[in-house]
Amino acid sequence: MNILVVGGAGFIGSHSVEALLAEGAQVRVLDNFSTGKQSNLPAHPNLNVISGDIRDAEAAAQAMVGITHVLHLAAQVSVPASVADPVGSSQHNIYGFLNVLDAARRAGVKRFVYASSAAVYGAPENLPLDETSPVAPLSPYGLEKSINDQYAALYRQLYRVSSLGLRYFNVYGPRQDPASPYAGVISRFASAMTRGDTLRVFGDGGQTRDFIFVKDVAQLNKRALMSEADGVCNIATGHSVTLLELIDTLAQCAGCTPQIRHEPPASGDIRHSSATPRKMMEQLDPPPMTALADGLKQLLETPV
Ligand SMILES: NC(=O)c1ccc[n+]([C@@H]2O[C@H](COP(=O)([O-])OP(=O)(O)OC[C@H]3O[C@@H](n4cnc5c(N)ncnc54)[C@H](O)[C@@H]3O)[C@@H](O)[C@H]2O)c1
């Protein structure tokens with residue numbers, strides 16, 4: 001397999017590249033290094049890294065030469081940035097996405113797997129979420145991801161492009177930017193605990209999230225590329241925890257008793273989030289999921 005990982009120098013991308021190289025694949029990365037880093041990637045004879053931007057159709061087309069499978073992860077990933085500059089965000093997340101999808105179609109690739117997001121569901125009334133739950137994004141970012149899902153569905157129908165959109169929940173692990181809206185809270189809490197600082201919790205800490213370990217996500221990305229599953233698929237563990245439970249587990253792993261300061265709830269914060277990963281379990285045949293405590297230990301052991 002010749003695999004193009006677009007956004008491969010980022011958090012999820014670099015772990016995915018490692019998993020694909022371990023499988024013996026030839027991997028090419030296309031990245032503009034806006035948030036990704038060259039140092040996230042290993043030096044490996046089967047890895048070729050190209051610096052380029054998905055807003056440049058020619059760069060996307062060039063990167064596709066000789067490619068059989070595409071994992072598209074590049075995006076403007078910040079929800080607040082999408083609210084501050086919706087037009088700029090759409091250039092990466094709609095126009096850039098379409099450049100990559102269309103280049104893949106024209107190159108006749110066998111499989112196109114891309115990052116969608118739990119953000120497409122907004123603040124749902126009914127939990128847990130499955131793939132038939134209503135799509136009701138609350139930000140330009142969430143809307144852009146749902147438009148990606150619609151484009152992929154249309155390309156499947158019009159041009160027979162085999163695709164799967166992965167609706168990641170809160171991915172955490174080594175190399176995550178502490179500013180990440182998904183699970184950056186884990187990186188922030190981990191470094192605050194290591195320094196002995198007080199942890200700032202917005203609200204009562206009862207908000208729930210489904211945290212999934214990045215190395216599990218990398219395995220799932222690999223399986224999604226090999227599979228023929230189509231449409232969209234929730235990527236989650238199916239077990240949500242409260243923020244206070246998360247802090248407790250992290251404190252046990254770090255062997256400390258952190259001080260917590262509660263601050264007013266963040267505006268627009270979604271109270272509860274939980275997912276049913278039934279389609280993922282049935283169609284992607286995942287390996288056993290890493291327990292939260294084990295993933296947190298690996299995160300704590302990784303130098304920042
Ligand atoms: N981390 C999560 O929990 C989470 C949850 C839901 C969805 N996602 C989605 O997963 C994907 C990967 O997210 P991540 O957390 O690894 O973020 P990240 O910022 O670490 O990775 C994104 C990568 O894309 C590159 N990139 C950005 N804009 C580009 C452009 N115009 N051209 C070329 N490269 C570009 C960046 O340099 C970076 O390497 C994104 O599409 C994100 O929206 C992530």
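The values are calculated or read from the model by the stated rules, or taken from the named source; none is laboratory data. The model shown is predicted, which means the values in this text are computed figures rather than measured ones. We place every Cβ from the backbone using ideal geometry, glycine too, and count neighbours over all the protein chains shown.
Points worth noting:
- Unique match (being under 17 Å from the mean Cα position of the chain (by Cα) and either more than 18 Å from Y151 (Cα to Cα) or β-branched (V, I, T) (or both)) among I94, I67: I94
- Total residues in region 15-39, condition of a type outside the set (K, R), more than 8 Å from the ligand (Cβ to nearest atom) and closer than 23 Å to Q176 by Cα: 12
- With respect to the conditions (1) assigned by TED's automatic domain parsing to the domain that holds P178; (2) at pLDDT 95 or above; (3) surrounded by fewer than 16 Cβ atoms within 10 Å (Cβ to Cβ), M281 falls short on a single one, namely (1).
- Inter-residue pairs, beta-carbon under 6 Å, first polar (S, T, N, Q) and in region 205-233, second modelled with pLDDT of 95 or more and surrounded by fewer than 17 Cβ atoms within 10 Å (Cβ to Cβ), 6+ apart: T208/T242
- Any chance G165 is in contact with a Gly (Cβ under 8 Å, 6 or more places away or on another chain), of a type outside the set (V, I, T) and more than 9 Å from the ligand (Cβ to nearest atom): yes
- Residues in region 89-120 that are in contact with a strand residue (DSSP E or B) (Cβ under 7 Å, 6 or more places away or on another chain) and more than 11 Å from the ligand (Cβ to nearest atom): L101, A104, V109, K110, R111, F112, V113.
- Residue selected from region 136-167 under the condition within 18 Å of the chain's Cα centre (by Cα) and free of Cβ contacts under 8 Å to residues at least 40 places away in the same chain, by the criterion nearest to D269 (Cα to Cα): P137
- Test: T68 is of a type outside the set (G, A, S), free of Cβ contacts under 8 Å to residues at least 12 places away in the same chain and more than 16 Å from the ligand (Cβ to nearest atom): no
- Residue list for region 279-294, filter: among the small types (G, A, S) and over 23 Å from P128 (Cα atoms): none
- Leading residue by the ranking (nearest to the ligand (Cβ to nearest atom)) among those in region 145-162 that are hydrophobic (A, V, I, L, M, F, W, C) and surrounded by 20 or more Cβ atoms within 10 Å (Cβ to Cβ): A152
- Matching option when the condition is touching a strand residue (DSSP E or B) at 6+ places or on another chain (Cβ under 7 Å) and either without any contact (Cβ under 8 Å) to a residue 12 or more places away in the chain or polar (S, T, N, Q) (or both), among T290, T249: T290
- When region 121-134 is filtered for residues that are surrounded by 17 or more Cβ atoms within 10 Å (Cβ to Cβ) and more than 16 Å from the ligand (Cβ to nearest atom), only P128 remains.
- Residues (within 18 Å of K222 (Cα to Cα) and in a loop (DSSP other than H, G, I, E, B)) located in region 162-181: S162, F169, G173
- Exactly one residue out of A224, A179, A190 is aliphatic (A, V, I, L, M) and closer than 30 Å to D285 by Cβ, and it is A224.
- Against the list (1) within 24 Å of Q157 (Cβ to Cβ); (2) more than 10 Å from the ligand (Cβ to nearest atom), the condition A75 fails is (2).
- Restricting attention to region 175-215, the residues being small (G, A, S) and modelled with pLDDT of 85 or more number 8.
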